[in-house]
Amino acid sequence: MTAALVAGLVAGYGIAVPVGAVATYLVSLTARTSLRTGVCAALGVAVADGLYALIATVGGSAVAAVLRPVLTPLRVVSALVLLALAVRGAVTAVRQYRAHRLSTRSVPTPPGPGRAFATLLGITLLNPTTVIYFAALVLGSDTAHSVRPLEQGVFVLAAFLASASWQVLLAGGGALLGRALTGHRGRLVTALVSSAVMTALAVRMVT
């Protein structure tokens, strides 16, 4: 039981900690909206990681082998989604700057919490590398077939909690950033930098 808990925590943090396009978008989204929206988005990422951990515990390496042939098309789709979000974020920031409309906590910038959760859940699910990671790291071992259902559940839960704790931490950082950059010029710079980073990471995905 303890081994499954530790393995799940290690796997969850291992896939969550590296900062990529999703983490960049999460921080930027929270900075532009509210901590509530950021936490909901963070939970969307964590739920996706937990689902992939569940898939890996059930299907193991066989699932990873099935996904490998469609890995490239899914990366392209994911990159296009990120590019669309980057463009939308930049255009919205420029429009708000020109109109001198400041985002406030009482009127949060779209998307709201529900839409933020769904968006980050979808983006993360488009990354099949996650399930390959879980399968290769833990379930591809020789002892994978002897793991009991209870231990599998502990592993999945631990992976979810590890991912959720890290993503919520990133959202908290985004909230602090949002409080520091209260002016319309600061928010413009933050949004443009975020869009540029997301664009670069999206391009890197397919090259």
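The values are calculated or read from the model by the stated rules, or taken from the named source; none is laboratory data. In this text the structure is predicted, and so the values were computed from the model without any measurement. Note: ideal-geometry Cβ built from the backbone for every residue, glycine included; neighbour counts use all protein chains shown.
Does GLY38 satisfy the condition of being modelled with pLDDT under 85, under 15 Å from ALA164 (Cα atoms) and of a type outside the set (S, T, N, Q)?
no
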**Study point:** Condition check for THR92: among the hydroxyl-bearing types (Ser, Thr, Tyr), at pLDDT 65 or above, over 29 Å from THR2 (Cα atoms) and out of contact with any strand residue (DSSP E or B) (no Cβ under 6 Å at 6 or more places or on another chain)
**Key:** yes
Check your understanding: When the residues of region 108-126 are filtered to those that are closer than 10 Å to THR33 by Cβ and not in a helix (DSSP H, G or I), which remaining residue is modelled with the highest pLDDT?
Key -> GLY112
Practice item. Any residue in region 58-83 that's at pLDDT 70 or above: show its pairings with residues that are of a type in the set (S, T, N, Q) at Cβ separation under 7 Å, as long as the two are six or more apart or on different chains. Key: LEU83/THR199
Exercise for review: Go through region 28-41 and give me each residue that's surrounded by 24 or more Cβ atoms within 10 Å (Cβ to Cβ) and assigned to a helix (DSSP H, G or I).
Suggested key: SER28, LEU29, THR30, ALA31, ARG32, THR37, GLY38, CYS40, ALA41
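Any idea which of VAL189, VAL193, VAL156 is modelled with pLDDT of 85 or more and either in a helix (DSSP H, G or I) or closer than 20 Å to ALA48 by Cα (or both)?
VAL156
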Review point. With GLY44, GLY8 as the choices, which residue is more than 18 Å from LEU126 (Cα to Cα) and assigned to a helix (DSSP H, G or I)?
Key: GLY8
